[in-house]
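Novice: This structure is in structure tokens; I'll ask about it shortly.
The values are calculated or read from the model by the stated rules, or taken from the named source; none is laboratory data. Bear in mind that the values here come from a model prediction, so they are computed numbers and not experimental data. Quick reminder, even Gly has a Cβ in these numbers, built from the backbone with ideal geometry, and neighbours come from all protein chains shown. With ligands, DNA and RNA removed, areas are computed over all heavy atoms of the protein, side chains included. Shrake-Rupley method; radii C 1.70, N 1.55, O 1.52, S 1.80 Å.
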Amino acid sequence: MKSLYLLLHIATLAFPLIRSFEPRIQYAKKWPALFPAIFITAAFFITWDITFTQKGVWGFNENYLIGIFLWGLPLEEWLFFISVPFASVFIYECVRYFLPGIKTSRSFRTLTVSMAFLLLVMAVINDQKAYTFWNFIFAGSFLILVALMNPHWLGKFWVAYSIHLIPFLFINGILTGSFLQQPIVWYNNRENLYFRIFTIPIEDFVYALLLLLMNITFYEVLNKYYIRIKHK
């Protein structure tokens, strides 16, 4: 099905988009901070994506694409960095609303630093595997940066990340072929650890962590800026 990857984007966006206007979470009112955060993060990830696609670290099955490409990436891949953050930050906002008691305790800070150092060590050990090395370097470094910032929202981030793994397993499972004869996104296994959960490379879980963490970091910084401007 040529439109399958595009349909996954529609499925990802459908519920959070419909619920953006409900009066409790009021997600739509936060779009002025959300979309700049998405575009800033997307600029980094798309540059990375283009480079790795050109080098054959991963690629895309044209049987599931509508056939529009820009700088070597299918249109659907560009949309990935909009639809997935949009839905993932919605989950984060739901955590903020429904679980307000979650604080950034010492255990969350310890988790952040420990994860950062684990990823950096794994990157050094696997410096010949491009996806593993750069993914773990980027995520580990950004985790350290966030740990140094010590933001009040760090605990809620980890809870949101954990919850978002439920739809992640389904959507990414389709992308990597869990429910298909062939994957929509294929990986050069010489460039990763070749350790998979179902058909999902373990690196994708770290990739998703970095994608959500960068979006939320910029989103919270911009939210704080807009609140300050509003109250002047």
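Novice: If you go through region 183-191 one residue at a time, do you hit one that is without any contact (Cβ under 8 Å) to a residue 40 or more places away in the chain and over 16 Å from the mean Cα position of the chain (by Cα)?
Specialist: Step one: of region 183-191, the residues without any contact (Cβ under 8 Å) to a residue 40 or more places away in the chain are 189.
Among the residues that remain, those that are also over 16 Å from the mean Cα position of the chain (by Cα) are: 189.
Yes, because at least one residue in region 183-191 is without any contact (Cβ under 8 Å) to a residue 40 or more places away in the chain and over 16 Å from the mean Cα position of the chain (by Cα).
Novice: Oh, and also: Looking only at region 39-56, count every residue that is more than 17 Å from PRO183 (Cα to Cα), small (Gly, Ala, Ser) and loosely packed, with under 15 Cβ neighbours inside 10 Å and tell me the total.
Specialist: Of the residues in region 39-56, 1 are more than 17 Å from PRO183 (Cα to Cα), small (Gly, Ala, Ser) and loosely packed, with under 15 Cβ neighbours inside 10 Å.
Novice: May I ask you to say which residue of ILE46, ILE25, ILE40 is under 26 Å from ASN150 (Cβ atoms) and assigned to a helix (DSSP H, G or I)? It would help to see each step written out before you state the result.
Specialist: Details: ILE46 fails: under 26 Å from ASN150 (Cβ atoms); ILE25 fails: assigned to a helix (DSSP H, G or I).
Sole residue among the options that is under 26 Å from ASN150 (Cβ atoms) and assigned to a helix (DSSP H, G or I): ILE40.
Novice: If ARG96 satisfies all but one of (1) without any contact (Cβ under 8 Å) to a residue 60 or more places away in the chain; (2) part of a helix (DSSP H, G or I); (3) open to solvent by 70 Å² or more (accessible area, probe 1.4 Å); (4) not hydrophobic (A, V, I, L, M, F, W, C), what's the number of the condition it fails?
Specialist: Condition (1) is where ARG96 drops out.
Novice: Among the residues of region 148-179, which ones are in a helix (DSSP H, G or I), open to solvent by 40 Å² or more (accessible area, probe 1.4 Å) and of a type in the set (Ser, Thr, Tyr)?
Specialist: Scanning region 148-179 gives a single hit, SER162.
Novice: Is it the case that some residue within region 135-147 is polar (S, T, N, Q), modelled with pLDDT under 95 and either touching a helix residue (DSSP H, G or I) at 6+ places or on another chain (Cβ under 6 Å) or open to solvent by 40 Å² or more (accessible area, probe 1.4 Å) (or both)?
Specialist: no
Novice: Follow-up question, since we're still on this one. Return the total of residues in region 180-197 being closer than 17 Å to GLU76 by Cβ and surrounded by fewer than 16 Cβ atoms within 10 Å (Cβ to Cβ).
Specialist: The number of residues fulfilling the criteria is 2.
Novice: Here's another thing I want to ask about it. Within region 60-83, which residues are part of a strand (DSSP E or B) and surrounded by 13 or more Cβ atoms within 10 Å (Cβ to Cβ)? Before you say what the answer is, go through the steps one by one.
Specialist: Filtering region 60-83 for residues part of a strand (DSSP E or B) gives 60, 69-70, 73-74.
Correct list: PHE60, PHE69, LEU73, PRO74.
Listed here are the residues, each with its yes/no results for (1) within 13 Å of the chain's Cα centre (by Cα); (2) open to solvent by 20 Å² or more (accessible area, probe 1.4 Å); (3) in contact (Cβ under 8 Å) with a residue 40 or more places away in the chain.
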| position | (1), (2), (3) |
| --- | --- |
| LYS29 | no, yes, no |
| ALA37 | yes, no, yes |
| TRP58 | no, no, yes |
| PRO85 | yes, no, yes |
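Novice: Can you name the residue in region 192-207 that is in a helix (DSSP H, G or I) and touching a residue at least 60 places away in the same chain (Cβ under 8 Å) and, of all such residues, is farthest from the chain's Cα centre (by Cα)?
Specialist: Looking at residues that are in a helix (DSSP H, G or I) and touching a residue at least 60 places away in the same chain (Cβ under 8 Å), I get GLU203.
Novice: If the Cβ limit is 7 Å and pairs must be 6+ apart or interchain, which residue in region 155-180 that is farther than 15 Å from PHE205 by Cα pairs with which residue that is among the small types (Gly, Ala, Ser)?
Specialist: That search, which allows pairs on different chains as well, returns GLY155/SER105; PHE179/GLY173.
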